[in-house]
1. Does region A:393-419 hold any residues that are within 19 Å of residue A:348 (Cβ to Cβ) and part of a helix (DSSP H, G or I), and which are they?
2. Among the residues of region A:162-185, are any surrounded by 13 or more Cβ atoms within 10 Å (Cβ to Cβ), within 14 Å of chain B (Cβ to nearest Cβ) and assigned to a loop (DSSP other than H, G, I, E, B)?
3. Identify, please: which residue in region B:167-176 is more than 14 Å from chain A (Cβ to nearest Cβ) and in contact with a helix residue (DSSP H, G or I) (Cβ under 6 Å, 6 or more places away or on another chain) and is, among those, surrounded by the most Cβ atoms within 10 Å (Cβ to Cβ)?
4. Taking the condition in contact with a strand residue (DSSP E or B) (Cβ under 6 Å, 6 or more places away or on another chain) and either over 27 Å from residue B:65 (Cα atoms) or part of a helix (DSSP H, G or I) (or both), does residue A:344 pass?
5. Taking strands (runs of 3 or more DSSP E) that do not extend beyond region A:10-117, which have at least 3 residues that are more than 14 Å from chain B (Cβ to nearest Cβ) and touching a helix residue (DSSP H, G or I) at 6+ places or on another chain (Cβ under 7 Å)?
6. Go through the residues of region A:470-489 one by one and say whether even a single one is under 33 Å from the mean Cα position of the chain (by Cα), surrounded by fewer than 16 Cβ atoms within 10 Å (Cβ to Cβ) and within 30 Å of residue A:41 (Cβ to Cβ).
7. If I filter region A:130-161 down to residues being under 24 Å from residue A:208 (Cβ atoms), within 19 Å of the chain's Cα centre (by Cα) and part of a helix (DSSP H, G or I), which single residue comes out as nearest to the other protein chains (Cβ to nearest Cβ)?
8. Give the number of residues within region B:131-162 that are out of contact with any helix residue (DSSP H, G or I) (no Cβ under 9 Å at 6 or more places or on another chain), under 21 Å from residue B:32 (Cα atoms) and either touching a residue at least 24 places away in the same chain (Cβ under 8 Å) or in a helix (DSSP H, G or I) (or both).
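The values are calculated or read from the model by the stated rules, or taken from the named source; none is laboratory data. Source: prediction; values computed, not measured. Using ideal geometry, Cβ is built from the backbone for each residue, glycine included, and neighbour counts are taken over all protein chains shown.
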């Protein structure tokens, strides 16, 4: 990534870059997360700007690390795509009870329309379900300022805060100016507070009561926070909106009176009631699920929402116009694009060619290799969530008739294996199907799908410096797999076919690691590894492999 | 009344739509104009369709996405991708299209026809002002297959539809690309501008 585009006082930056800048200006001590479109650039940019940023094996671990930092009084940010928050939800729901000392900001980067995701879940539900405040920017300026505000809010009320972004906020570039942001009030130090942070039932019961009290106080603060701008226009039409829908609304209905909610939970119901009373027709325009609409209705504020079909996909200026005018005509079909495909020279190609040839039932996973579902391979039968290949493959094996069960393989990438494959592997050892099972780890040495990020299995950290390395074949053996094979999927396709066939026929548990660097990242990986090897050697002249 | 120029850049992953968008945005920033842009990231590296929206204005801009029927300029780094974006064109828009198609794998598998000429002919019948650039020839002239994006920007520049001067885009190139690639890209900008003058359909 190149330097941020700047002129003396104006920066043209994406929403992700704006959040990273705000982290720098707000004195964030630690950024952690797991790569996921459209959130990945936040931590990468924060590291480039000199911040301390690191990739965790998955979002749950990342949020735990960030929570620990916040317990110690430091400002911490944890970033993930929307589905990552499902993984981290176990932390989130109880961190809402414990509260924090230093500011803890959780970035949920949602993907309405699924530009690069397996679902389009609306993570505004998480704020309501866990009981934590949510801030939603519409552009880079707001992303910058609301990030700063999120830390201050988190510290003031001792509560984690979710900054919810969407693909078009994360990846659109708009002009912003830096403004002074509140700095952390103190340096990290440990202050014991057992009833607040040890969530046994006796302490958790009062913690839940405290949480609901905080939310009431935050709602009261939000009435006068000044963070929900009202844009005056013609009083005949009033629109309540939030996030990127705001700018679509402004363009589609420049004459309307608009209330943009940037603190979307807990809602300022007094402000909303006053707004409702001040306009003739009241409409909620929101991307995704009808959440604001339902909240307003539940509070007894009569409001028009959008027809059900606009729940699906992104909103656009065109779609907002249709909602405003009640246009019932079918929408023009979306401009369909060319689907992505596995790169020329990608080592996954030979693996899926073989799996197809062997007639395997393939329990797949999340990554570039999911593209093997498309022609000419069509060699993937399931893909659900990170790590599901192993559990789903085992489930298939347990109940299918033996001749079919023997054809089942689980296929997972290296970064995904680090993210959620270890527990699946434990299940495979602990509850082996009668026909055995075969796990293929496609190790291309990087988190390829999101643009070549490091992970715990590469031996290099986010900024590519040398660090500890998890070695998959050693993990598999240590966990009790006796049949472990490491091969190069491009060196000898026939040899690979023979290995997979032998593993399938053995009836045992087998782990086959197909190791070959991602063709797009191979050059970069060589450079990073060369530099890392030099640093290792300089740090430990006697043992270059030490870490 | 403010004046907004909507520029859409369409191609397939790897052709450099993101850099082309960045150069236009950069030139706008330097000119003190407002700019908002949005692009496809994520699946983009894997050869799929990528579309960048760039909106430049002397007044405020709201949405980073342009509405259908409002694009003033469409750069099609691949003719099929240009055809896909036709619903976004306003009447009388300028279309700069590379002549050379990149057939999708589905067309290759089904042996379906994927004819660049047919697509260019179709573009020509839309009423848009069409400029076809022989991208392969320009890349050969400049000596790099990676300058198609900037060459098409050069062609757009020559039509006057972008609203920027050559000097402004040259400055944007100097500020945005790695030093060793600056000369090559400036060469491509000029080669593209010349090709727009020479290409079929130019000056319509």
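1. A:393, A:414, A:415, A:416, A:417, A:418, A:419
2. yes
3. Of all residues in region B:167-176, those more than 14 Å from chain A (Cβ to nearest Cβ) come to B:167, B:169-170.
Adding the requirement that they be in contact with a helix residue (DSSP H, G or I) (Cβ under 6 Å, 6 or more places away or on another chain) leaves B:169-170.
Details: B:169: 25, B:170: 18.
Among residues in region B:167-176 that are more than 14 Å from chain A (Cβ to nearest Cβ) and in contact with a helix residue (DSSP H, G or I) (Cβ under 6 Å, 6 or more places away or on another chain), the one surrounded by the most Cβ atoms within 10 Å (Cβ to Cβ) is B:169.
4. Taking the combined requirement at face value, the residue does not satisfy it.
5. Strands (runs of 3 or more DSSP E) meeting the threshold: A:30-33, A:76-81, A:104-110.
6. Checked against the condition, which is being under 33 Å from the mean Cα position of the chain (by Cα), surrounded by fewer than 16 Cβ atoms within 10 Å (Cβ to Cβ) and within 30 Å of residue A:41 (Cβ to Cβ), region A:470-489 yields at least one hit.
7. A:150
8. 1
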